[in-house]
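Asks: Below is one structure. I have some questions about it.
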Amino acid sequence: MIGLLRTLQRAVAPKPLAPSSIRIGADLLDVVFRRHAQARRLVLRLDSQGTSVLVTVPRGVSRARALDFTERSRPWIEERVRSRGGNVHLLPGHRIPLRGVEHEIRHVPKRRGSVAADPAEGVIHVPGEPPHVPRRLADFLKSAAKADLTAASQRYAQMMGVSYRRITIRDQKTRWGSCSASGELSYSWRLILAPSYVLDYVAAHEVAHLKHLDHSPRFWRLVLIHCPNAARAKKWLKAHGHDVHRVVA
Ligand SMILES: [Zn+2]
């Protein structure tokens, strides 16, 4: 009896519509269809984050028609995405730099294990449930930043004959790194997005402050002896520094 009821319910209740996606420039937006019994016409809007297109579908309107409507609304969607102002979200289909190499974020729901970057392919594979993709990727980037910055700081500390107390990774808006008088180094996790010679330079700079807490000629001499790429790295930060702050994490 219950089985028969279920079968009847299935036949009467409208089936949920399978989602789709639409590419707008470099962004791949999810298209989510929602059936609404009271809706009179197809309505389309962008979600608050600007990462999905939400389409309200009245009763009796097919998915094919809803898709067609979405495609015809492309100019409107493009305009809205543009006015959103160039933020890069950690979502599938988006591209972010990792160690200076552009990578596409790819969600691999069936794969087990941890986030894995494939620089040769230019892809970062993110396993797990879809809602967890941004957080998992942010965690991955921050721990990669910590690993690279720790390795670089240790290397320069050894070369310069100094020692530090600890390393903290932060999201500093105005500084790439800092060094306290008590020997604590602090870095922006976003340095992992920059080419490795840039991350190295920032580490060399902060570690050199363990010896000279100023920007005196002695300080710069120490940096340049151990980091010949310093000038190139400074130029890169000036030219591209704002790009790595567009990544939302
Ligand atoms: Zn400095």
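Asks: If a residue must be under 24 Å from the mean Cα position of the chain (by Cα) and of a type in the set (Ser, Thr, Tyr), how many such residues does segment 198-243 contain? Lay out the reasoning, then the answer.
Replies: Just the residues of segment 198-243 that are under 24 Å from the mean Cα position of the chain (by Cα), to begin with: 198-203, 233-243.
Now restrict to residues that are of a type in the set (Ser, Thr, Tyr): 201.
So the count comes out to 1.
Asks: Checking residue 205 against (1) closer than 22 Å to residue 88 by Cβ; (2) without any contact (Cβ under 8 Å) to a residue 40 or more places away in the chain; (3) touching a strand residue (DSSP E or B) at 6+ places or on another chain (Cβ under 9 Å), which single condition isn't satisfied?
Replies: Looking at each condition in turn, residue 205 falls short on (1).
Asks: In addition: Pick out, from segment 57-123, the strands (runs of 3 or more DSSP E) lying fully within it that include 3 or more residues that are within 23 Å of residue 197 (Cβ to Cβ). Give the steps one after another, and end with the answer.
Replies: Working: elements: 95-98, 101-107, 116-118.
Fully inside segment 57-123 and qualifying: 95-98, 101-107.
Asks: What is the one condition in (1) of a type outside the set (Gly, Ala, Ser); (2) within 13 Å of the ligand (Cβ to nearest atom); (3) in contact with a helix residue (DSSP H, G or I) (Cβ under 9 Å, 6 or more places away or on another chain); (4) farther than 22 Å from residue 97 by Cα that residue 237 does not satisfy?
Replies: It is condition (4) that residue 237 fails.
Readers should treat all values here as calculations from the given coordinates under stated rules, not as data from a laboratory. Keep in mind that this is a model prediction, so the values were computed, not measured. Cβ coordinates were reconstructed from backbone atoms using ideal geometry, including for glycine residues, and neighbour counts include every protein chain displayed.
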